[in-house]
Amino acid sequence: QVQLVESGGGLVQTGGSLRLSCAASGRTDTVFTIGWFRQAPGKEREFLAAIGRTTGYTDYGYGDSVKARFIISKDNTGDMVYLQMNSLTPEDTAVYYCAADRSWAAALVASAYDYWGQGTQVTVSS
């Protein structure tokens, strides 16, 4: 019912920036929250940020480094969501996913999301 496509990943040097995009299509009127997650090999999926599709309300992961460097935003429809990532380091290397949730209550919990994109690889070189 809802399709998500991530783009904007790639290879960047330490200290560089990337902006990831998440395009939602289908029955997006059922979506309340769009979130960004990442997962590196051997590590658990990590919540980064979420935004209300119509409200614009945002939430960020508890890690101070993420909150200081990453910014989530959206267009006026809420069907295009972005993650601006600044001051990147090799520790940011991971597959980045966007996901859609029909509610806000569990926006920080990956298992609560209803739809997922295929992911986009971000690699930060030293």
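The values are calculated or read from the model by the stated rules, or taken from the named source; none is laboratory data. Note that the structure is a prediction, hence the values are computed from the model and not measured. Quick note on the areas: whole protein, heavy atoms, side chains included, nothing else; ligands and nucleic acids left out. Shrake-Rupley method; radii C 1.70, N 1.55, O 1.52, S 1.80 Å.
How much of the DSSP bridge set in the chain is antiparallel, in percent, rounded to the nearest 5?
On the way: 38 of 42 bridges.
Given both bridge residues lie in the chain, the antiparallel proportion sits at roughly 90 percent.
Please list E91, E46, E6 in order of solvent-accessible area, largest first, computed with a 1.4 Å probe with all protein chains present. It would help to have the intermediate numbers written out before the result.
Values: E91 135, E46 75, E6 10 Å².
Output order, biggest surface exposure first: E91, E46, E6.
Quick one: Kirkwood hydrodynamic radius for region 1-101, alpha-carbon pairs, angstrom, one decimal?
Values: mean 1/r = 0.0725 Å⁻¹.
When all Cα pairs of region 1-101 are included, the Kirkwood radius is 13.8 Å.
Could you do me a favour and compute the accessible area per residue for the chain, 1.4 Å probe, result in Å²? The partial results should precede the final answer.
On the way: 6390 Å² over 126 residues.
With all protein chains present, the chain gives 51 Å² per residue.
What is the ratio of the Cα radius of gyration of region 1-55 to 2.2 N^0.38 Å, with N the residue count, to two decimals? Walk me through the intermediate numbers first.
Details: Rg = 13.6 Å, N = 55, 2.2 N^0.38 = 10.1 Å.
Expressed relative to 2.2 N^0.38 Å, the Cα Rg reads 1.34.
Find how many whole Å separate the alpha carbon centroid of region 70-88 from the alpha carbon centroid of region 43-63.
Centre-to-centre distance over Cα atoms comes out at 11 Å.
Using a ≥ b ≥ c from the Cα gyration tensor of region 82-126 (square roots of the eigenvalues), is it rounded, prolate or oblate, where a/c under 1.5 gives rounded and otherwise the larger of a/b and b/c decides, a/b for prolate? Mind showing how you got there, number by number?
Working: a/c = 2.87, a/b = 2.25, b/c = 1.27.
The shape class here is prolate.
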